[in-house]
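Right, one structure below, let's go through it.
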């Protein structure tokens, strides 16, 4: 038995889409979700990939995430809008928001949309990057349930709210920042715990808010810590304001864990913003200038251990190039889960077999 | 002799303004600069306060910062503009940008202005905060000369570019984030060096890009390090793009140190953005909601050593309240410098005496 499989993105997306459809999600919406998850796997951000299917299906079944996503425009101007996601699927809500954002930015040069009552939307970079081909700069943030204390605090009050921004380039790959506002995601703490390793001081704090190197202290009532202390905390607070306060969405204890609470809607909020480059300068000149900036940055003498200087998002873009050709590597456990969902959904056997056609033996470093 | 003086903000600003006027700066512009510097001192951000007068005067005298600031609009739309600061005074350039931004945001709900060929504009928070009374959210960033390597690099390629954002509140103090994208500013490294202390690992790297605890390694060819590594680097890159690339301004080696290079213009770039709250929701409801968010955050159990939970910008706002009543505390060395500039500018003796009327003996912790 192999520990991993290599899977082509197209059938992987189709299988996920069919599973979602069989669970009550409309065709177009199912495709939107699947494409976003598979894109994260292509980019090597497997934490936001098809591994999420299990949680999504569970939340759909429990009724805390709506199968039919109905997005309502609460109010709008030529350049702005507030949307209510109706506890629908985060990706579907986000695709509607991006489509509306594009329409508004085309007319108004700048556009911003704040969205309440949504769910996990996958990787923030996926949405910000949709603006690139339109020669726009994309800015996307989302709040999540409280996971970090404010500095000096001993309770989780603010999420490790992600911030993404995408900058179009010319011949070079676009610059795409996508960062959580904690030092590390919870996954890294859990990985250290499972290996019996200590975590570096500064990654997280125990239940008293004191720094700890023991992952058990974090898992048992402790918290993630904001990157740079007051800096990450400040950024996470700004995300809460732009996404949840500006949309009259949920904050703090009214946001429920996607992973642990299957009785209540996740109830997170997003904020999307677009800037048309041609409102400032000719997009061709801009993109040539971004290319020069990228070359300037990559042309940096290296430290002893380093092999290359990367721009934000470059490693993920490299992963995508590679995985589009070679296929996505998924661990056996994730593939088996998908197989079970696919069989339960009555998907034809020849398609399901695409999941396990290519066993992959090597240890994979980038997932 | 006292080591410190307490000085009322009004005469302090008047003295700075008169010195600048005597050095060729028009009355209104001199007042703009002085008010910005004194506001930083009031907020306890003394690194961006009147201590900067010496450098500003030097740059004005050498002709690398223009005495008469002429800001030219290179292009504009209803909601955007690109400005050329003509190597004028950063605060004067920024005040013109903010005035134009306000005008545009009033009409278009969202507005953004990218500005090239400018100089140090003081604290970024000062400009973002000017939008608060108009019920707008302010976002202000600036690039500075390269001070940090990209992760894996052994040369400074990107500034510790500051990011500021101001959120209006109701009865509570506004939320104002103002952060450099390095772990710490250079001042903290210099302070450790002067005290013969080691610096924590992670603050900075030596000339090979390797982490160091010796402040001498940093001062002698080393570099500041981005907060959170790739995260601070990513944010600093975004600031470069929004400020300098979008305005066709200087990047990398074309930006010259304000502190060390008196032969060339500083040549930094800024980016200003405003979002009208009422484009999204009623500003009174928004501000009440921000107040509730602030109360929610402050109502957090404390860690063993902590006395209070602060929102971003709250400590600075508290400093300002206190210093408006008690006066600004400045070290003797800064006051003596100002006295010399004031005498050289022919300012009347009774005004100059305001600087030294109130000696202050205590050790001051917040400057």
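The values are calculated or read from the model by the stated rules, or taken from the named source; none is laboratory data. Given the structure is predicted, the values throughout are model-derived calculations rather than measurements. Ideal geometry is used to build each Cβ from the backbone, glycine not excepted, and the neighbour counts take in all protein chains shown.
Structure above, values below:
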quantity	calculated
Residues satisfying the stated conditions in the stretch A:96-128, i.e. surrounded by 24 or more Cβ atoms within 10 Å (Cβ to Cβ) and in a helix (DSSP H, G or I)	A:97, A:101, A:105, A:124, A:125, A:126, A:127, A:128
Single condition residue A:54 does not satisfy, out of (1) assigned to a loop (DSSP other than H, G, I, E, B); (2) not assigned by TED's automatic domain parsing to the domain that holds residue A:161	(1)
Positions within the stretch A:134-156 being over 25 Å from residue A:249 (Cβ atoms) and more than 8 Å from chain B (Cβ to nearest Cβ), in sequence order	A:134, A:135
Qualifying residue in the stretch A:25-41 (condition: outside the structural domain of residue A:261 (by TED's automatic domain parsing) and in contact with a strand residue (DSSP E or B) (Cβ under 6 Å, 6 or more places away or on another chain))	yes
Number of the exception - residue B:132 against (1) surrounded by fewer than 24 Cβ atoms within 10 Å (Cβ to Cβ); (2) in contact with a helix residue (DSSP H, G or I) (Cβ under 7 Å, 6 or more places away or on another chain); (3) at negative phi	(2)
Qualifying residue in the stretch B:228-238 (condition: modelled with pLDDT under 95, farther than 16 Å from residue A:165 by Cβ and within 23 Å of the chain's Cα centre (by Cα))	no
Scope the stretch B:321-334; condition under 23 Å from residue B:353 (Cα atoms) and not in a loop (DSSP other than H, G, I, E, B); matching residues	B:322, B:323, B:324, B:325, B:326, B:328, B:329, B:330, B:331, B:332, B:333, B:334
Among the residues listed as A:313, A:327, the single one being within 14 Å of chain B (Cβ to nearest Cβ), on the phi > 0 side of the Ramachandran plot and under 26 Å from the mean Cα position of the chain (by Cα)	A:313
The stretch A:103-133, residues that are without any contact (Cβ under 8 Å) to a residue 40 or more places away in the chain and away from chain B (no Cβ under 12 Å)	A:103, A:130, A:133
All positions within the stretch A:280-306 that are within 7 Å of chain B (Cβ to nearest Cβ) and not in a loop (DSSP other than H, G, I, E, B)	A:286, A:289, A:290, A:293, A:296, A:297, A:302
Any hit, the stretch B:351-361, residues being surrounded by fewer than 20 Cβ atoms within 10 Å (Cβ to Cβ), more than 30 Å from residue B:58 (Cβ to Cβ) and at pLDDT 95 or above	no
Evaluation of residue B:35 against (1) within 16 Å of residue B:262 (Cβ to Cβ); (2) within 19 Å of the chain's Cα centre (by Cα); (3) surrounded by fewer than 20 Cβ atoms within 10 Å (Cβ to Cβ) (one fails), failing number	(1)
Qualifying residue in the stretch A:258-279 (condition: at the interface with another protein chain (Cβ under 10 Å from one of its Cβ atoms), surrounded by fewer than 23 Cβ atoms within 10 Å (Cβ to Cβ) and free of Cβ contacts under 8 Å to residues at least 24 places away in the same chain)	no
Test result for residue A:176, within 19 Å of residue A:49 (Cβ to Cβ) and not assigned by TED's automatic domain parsing to the domain that holds residue A:49	yes
Residue tally, condition part of a helix (DSSP H, G or I) and closer than 17 Å to residue B:321 by Cβ, over the stretch B:13-49	6
Selection status of residue A:341, part of a helix (DSSP H, G or I), at pLDDT 95 or above, within 11 Å of chain B (Cβ to nearest Cβ) and in contact with a helix residue (DSSP H, G or I) (Cβ under 6 Å, 6 or more places away or on another chain)	no
Test: residue in the stretch B:198-210 that is in contact with a strand residue (DSSP E or B) (Cβ under 9 Å, 6 or more places away or on another chain), under 30 Å from residue B:74 (Cβ atoms) and free of Cβ contacts under 8 Å to residues at least 60 places away in the same chain	no
Meets criteria (within 20 Å of the chain's Cα centre (by Cα) and either more than 30 Å from residue B:319 (Cα to Cα) or at pLDDT 95 or above (or both)) for residue B:95	yes
Any chance residue B:70 is within 14 Å of chain A (Cβ to nearest Cβ), part of a loop (DSSP other than H, G, I, E, B) and farther than 20 Å from residue B:39 by Cα	no
Tally, over the stretch A:168-203, of residues that are more than 30 Å from residue A:286 (Cα to Cα) and under 21 Å from the mean Cα position of the chain (by Cα)	11
